[in-house]
1. Would you check if there is a residue in segment 44-62 being hydrophobic (A, V, I, L, M, F, W, C), assigned to a loop (DSSP other than H, G, I, E, B) and touching an Asp or Glu at 6+ places or on another chain (Cβ under 8 Å)?
2. Given the structure, is residue 34 modelled with pLDDT under 75, in a helix (DSSP H, G or I) and of a type in the set (Lys, Arg)?
3. Using the structure shown, decide if residue 91 is at pLDDT below 90 and surrounded by 13 or more Cβ atoms within 10 Å (Cβ to Cβ).
Amino acid sequence: MLERRAERGLATPALDLQPELFEDLADVWMCFWRLNATRWHGHDGAPAMLKTVDIAAAFEIEGVEPRERKEWYRLIQAMDVAWMENAVDVRQRQQKKTPEKGRNCGNAARRYRR
């Protein structure tokens with residue numbers, strides 16, 4: 001979609017800001033996004049860092065050579081830190097825009113006491 005917009009001469013800031021992905025890192029990038037899709041979220045909806053055990057399991061599933069795993073692990077952790085920083089920023093902006101729910105539950109609780 002973005003490529004078509006760019007071909008028509010339309011502004012594509014999302015495409016312009018994408019980092020260049022070197023071909024030799026494409027497999028690491030895809031592994032990160034598959035891990036990200038299984039990311040655990042807390043009861044408040046906040047995302048958690050990827051777990052080492054999940055990363056190690058992904059390496060087995062993906063068939064990552066043992067000699068490459070240390071480097072892949074370092075890269076995936078760096079991607080995870082960057083992703084988490086962005087997720088925190090997005091979450092904070094959303095919380096500023098949306099009033100907190102559930103703070104004024106007193107009236108509802110009083111109704112049930114009758």
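The values are calculated or read from the model by the stated rules, or taken from the named source; none is laboratory data. The model shown is predicted, which means the values in this text are computed figures rather than measured ones. Please note: Cβ atoms are built from the backbone with ideal geometry, for glycine as well, and neighbour counts cover all protein chains shown.
1. So in segment 44-62, the residues hydrophobic (A, V, I, L, M, F, W, C) come out as 46, 48-50, 53, 55-59, 61.
If we keep only those that are assigned to a loop (DSSP other than H, G, I, E, B) too, we end up with 46, 48-50.
Right, trim to touching an Asp or Glu at 6+ places or on another chain (Cβ under 8 Å) and you get 49-50.
Yes, segment 44-62 contains a residue that is hydrophobic (A, V, I, L, M, F, W, C), assigned to a loop (DSSP other than H, G, I, E, B) and touching an Asp or Glu at 6+ places or on another chain (Cβ under 8 Å).
2. Working: modelled with pLDDT under 75: no; in a helix (DSSP H, G or I): yes; of a type in the set (Lys, Arg): yes.
When the stated conditions are applied, residue 34 does not pass them.
3. On the way: at pLDDT below 90: yes; surrounded by 13 or more Cβ atoms within 10 Å (Cβ to Cβ): yes.
Judged against the criteria, residue 91 is a match.
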